[in-house]
């Protein structure tokens, strides 16, 4: 499979490099008839990987993030004559428990604790947060390391144990609704309204490649945002546009959104 040809349409360097890795794994699978798998990918990256893998009929692939509603997933690549049930899955499941009565522990706290151990983000799947514990899907090769080395999350002592896939309990993330008006449905205007910051600051975040829309990195302030769009701003959090509505009497656009708590 030709890397340059299959990725010629991709402008984002990070995404292109990830797809290069997918193609390398696919070529290895074709040559050696073995099983390969990616790191954890977001939905937009998975979409690009699938488009590439569909070019070759001698390959099969399966997307698995540990549970049905998973966001971050691995792509397993294997010869056409194999079945996914025959493959040794590279997913592990851990549970982090602690006494969090006096402080609410967020997704950022759990992720930060893992990254502080020197673990790369692409080795970590979804983080499912509950009141007194959280469950995390990770790559097989870092599971034991986390269990042995993770002792604190946001200054709270924690215990870590491995659990089975069957013990995963999905808990939808909590969002807080927000409403505001904007002069335009451009990305920079929407971000300003969502996070109560200036257009200038919004533009700076976008130009610094810190903004994703529907998991795709966006560097154009003028991108039009529609109802249903997911927006992620590094350092600010994640949000979703529920509805871009009618005009006010002053000609402003009504926007209803929700911010991840």
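Only a single criterion out of (1) loosely packed, with under 14 Cβ neighbours inside 10 Å; (2) in contact with a strand residue (DSSP E or B) (Cβ under 8 Å, 6 or more places away or on another chain) is not satisfied by residue 98, namely (1). Quick check on the stretch 1-33: of everything there that is in contact (Cβ under 8 Å) with a residue 40 or more places away in the chain and closer than 22 Å to residue 123 by Cα, which residue is surrounded by the most Cβ atoms within 10 Å (Cβ to Cβ)? Only one residue fits best here, namely 22. Within the stretch 159-188, the set of residues being in contact with a helix residue (DSSP H, G or I) (Cβ under 8 Å, 6 or more places away or on another chain) and either surrounded by 14 or more Cβ atoms within 10 Å (Cβ to Cβ) or assigned to a strand (DSSP E or B) (or both) comprises 160, 161, 162, 178, 180, 181, 182, 187, 188.
Quick one: count up the residues across the stretch 85-95 that are at pLDDT below 95 and either within 23 Å of residue 9 (Cα to Cα) or surrounded by 14 or more Cβ atoms within 10 Å (Cβ to Cβ) (or both). Here the count works out to 3. Elements of the type strands (runs of 3 or more DSSP E) sitting completely within the stretch 1-109 and holding at least 2 residues that are over 30 Å from residue 130 (Cα atoms): these cover 59-64, 74-79. Please work out if residue 75 is under 30 Å from residue 144 (Cα atoms), touching a strand residue (DSSP E or B) at 6+ places or on another chain (Cβ under 8 Å), at pLDDT below 95 and surrounded by 13 or more Cβ atoms within 10 Å (Cβ to Cβ). When the stated conditions are applied, residue 75 does not pass them.
Whether any residue in the stretch 223-246 is assigned to a loop (DSSP other than H, G, I, E, B) and more than 23 Å from residue 42 (Cα to Cα) is what I want to check. Scanning the stretch 223-246, I find no residue that is assigned to a loop (DSSP other than H, G, I, E, B) and more than 23 Å from residue 42 (Cα to Cα), so the answer is no. Would you confirm whether or not the stretch 123-140 contains a residue that is within 30 Å of residue 54 (Cα to Cα), over 16 Å from the mean Cα position of the chain (by Cα) and outside any strand (DSSP E or B)? Looking for residues that are within 30 Å of residue 54 (Cα to Cα), over 16 Å from the mean Cα position of the chain (by Cα) and outside any strand (DSSP E or B), one finds at least one in the stretch 123-140, hence yes.
The values are calculated or read from the model by the stated rules, or taken from the named source; none is laboratory data. These figures come from a predicted structure and were not determined experimentally. Quick reminder, even Gly has a Cβ in these numbers, built from the backbone with ideal geometry, and neighbours come from all protein chains shown.
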